[in-house]
Amino acid sequence: MPPLHITLVGLGSIGISFAALYLAHSNAVIKVYDPRPDLGDHIQAFLPDCLRALSFSTSVDQLIAQGRLLICASLSDACHEADIVQEQGPENIEAKTATWLSVIQEVRHDTRLWTATSGITASEQVKHLSDKHRLLVVHPFNPPHLMPLIELVPSPQTAEEQVEFAKSFFANLGSGHNSVVLRKELPGFVGNRLAFVLLREAFHLVTEGVVDVADLDTIVESSIGPRWASMGPFKSYNLGGGPGGMPHFMTNLSGTMQSIWDDAGALSLRDTVFLSGADSKGSPTASSAATTDWAEKIAQATLRKYGPPTPAMLAERDADLQRILRARQHIDVNDCPKEC
């Protein structure tokens, strides 16, 4: 079979990571487009570390020379001959609607349309499209070249064949990725809903002066982080209930759980506006301040502690994730019943 032509629209951290995943684990031709003027330099700065994390030794220049990676100057060029167009652009509905209205004019009638959005449903994105059956959410977890889960979230109009193709694509990619099909559309899907509820409480606890940014990270990294790396909350708390399992856990801890739920933080980002900006030392620029005091405090405290992300920091994160994932694979093997 001829190689697939996959077009990636939007080359931020998610787009770069997907490019590495597809280049390292398929023979697909990857065409990339982003309106940023420094796209070539941006790819040269960030893609090599992602490829090295996958033990893929071919350089960016070699991939371009081989015709495996094409950096396109226009959306029209990027969409030409595409079998799959996958966007991971700005996380707002206006941008995504505009992208699909343009893409649909450039692609074949059978080109598959994927959106790697963090939370905007396919139904919202196809409201103004006459062809609503092709778009499928393929929600990754950052960085997708390493994190082995894709949430597939069809709209009620998405054709079942589109879902089955995506399931087969990721199952056969050879990267160890799993795909889970969600049965209902909802903002943020499942992974981000769980993560962002935790993040809101983290914001609340820091804002209230209970802990600082670094101490909260230490608590997560040294408690629920390792636990949830080996098992999800249902399995974990079922074990926490002892011989009685989850029923005993819920009975025994119901009072504590309810008091925590009642006391949970209720911060809102609704009236907060963030603009881009941090200087080379990680200090927010004047334009990056938030319009609410608590959000500005959190943003500045985090940048002061960790600084803006750099390629070296991302490479360190990737190495740490790989060690955890290798340990997780070891757990899976040793947790398998004797008969399997």
Search result, residues across the range 208-251 that are part of a helix (DSSP H, G or I), closer than 30 Å to residue 298 by Cα, modelled with pLDDT of 95 or more and of a type in the set (Ser, Thr, Tyr): 218
Looking at the range 148-158, can you tell me whether even one residue there is surrounded by fewer than 16 Cβ atoms within 10 Å (Cβ to Cβ), within 18 Å of the chain's Cα centre (by Cα) and β-branched (Val, Ile, Thr)? no
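What about residue 97, is it crowded, with 22+ Cβ neighbours inside 10 Å, at pLDDT 95 or above and β-branched (Val, Ile, Thr)? Spell out the reasoning first.
Numbers: crowded, with 22+ Cβ neighbours inside 10 Å: no; at pLDDT 95 or above: yes; β-branched (Val, Ile, Thr): yes.
The answer is no for residue 97.
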Of these, 48, 37, which one is free of Cβ contacts under 8 Å to residues at least 24 places away in the same chain, farther than 20 Å from residue 113 by Cα and assigned to a helix (DSSP H, G or I)? 48
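Residue check: is residue 130 in a loop (DSSP other than H, G, I, E, B), surrounded by fewer than 20 Cβ atoms within 10 Å (Cβ to Cβ) and of a type in the set (S, T, N, Q)? Give the derivation first.
Details: in a loop (DSSP other than H, G, I, E, B): yes; surrounded by fewer than 20 Cβ atoms within 10 Å (Cβ to Cβ): yes; of a type in the set (S, T, N, Q): yes.
Taking the combined requirement at face value, the residue satisfies it.
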Filtering the range 141-174 down to residues that are at pLDDT below 95 and charged (D, E, K, R) yields none
Candidate set from the range 108-125 (those that are over 17 Å from the mean Cα position of the chain (by Cα) and closer than 19 Å to residue 169 by Cα); member that is surrounded by the most Cβ atoms within 10 Å (Cβ to Cβ): 113
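Let's see how each residue does on (1) hydroxyl-bearing (Ser, Thr, Tyr); (2) within 17 Å of residue 102 (Cα to Cα); (3) in contact with a strand residue (DSSP E or B) (Cβ under 7 Å, 6 or more places away or on another chain); (4) crowded, with 19+ Cβ neighbours inside 10 Å:
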{"residue": "3", "(1), (2), (3), (4)": "no, no, yes, no"}
{"residue": "20", "(1), (2), (3), (4)": "no, no, no, yes"}
{"residue": "38", "(1), (2), (3), (4)": "no, no, no, no"}
{"residue": "44", "(1), (2), (3), (4)": "no, no, no, no"}
{"residue": "67", "(1), (2), (3), (4)": "no, no, yes, no"}
{"residue": "77", "(1), (2), (3), (4)": "no, yes, no, no"}
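I'd like the full set of residues that are in a loop (DSSP other than H, G, I, E, B) and within 11 Å of residue 136 (Cβ to Cβ), limited to the range 149-169.
Kept after step one, since they are in a loop (DSSP other than H, G, I, E, B), are these residues of the range 149-169: 155-159.
Matches in the range 149-169: 155, 157, 158, 159.
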Out of everything in the range 276-333 that is loosely packed, with under 12 Cβ neighbours inside 10 Å and of a type in the set (Lys, Arg), what residue ends up being modelled with the highest pLDDT? 323
Exactly one of these conditions fails for residue 142: (1) touching a residue at least 60 places away in the same chain (Cβ under 8 Å); (2) outside any loop (DSSP other than H, G, I, E, B). Give me its number. (2)
Which pairs do you get when a residue that is on the phi > 0 side of the Ramachandran plot, found in the range 1-24, comes within reach of a residue that is assigned to a loop (DSSP other than H, G, I, E, B), reach meaning Cβ atoms under 9 angstrom, with the pair 6+ apart or on two chains? 10/34; 10/88; 10/89; 10/90; 10/116
Could you list, in sequence order, the residues of the range 230-254 that are closer than 20 Å to residue 326 by Cα and exposed (fewer than 14 other Cβ atoms within 10 Å of the Cβ)? 232
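The values are calculated or read from the model by the stated rules, or taken from the named source; none is laboratory data. Being a predicted model, the structure only gives us computed values, none of them experimental. Neighbour counts run over all protein chains shown; Cβ positions are idealised from the backbone, glycine included.
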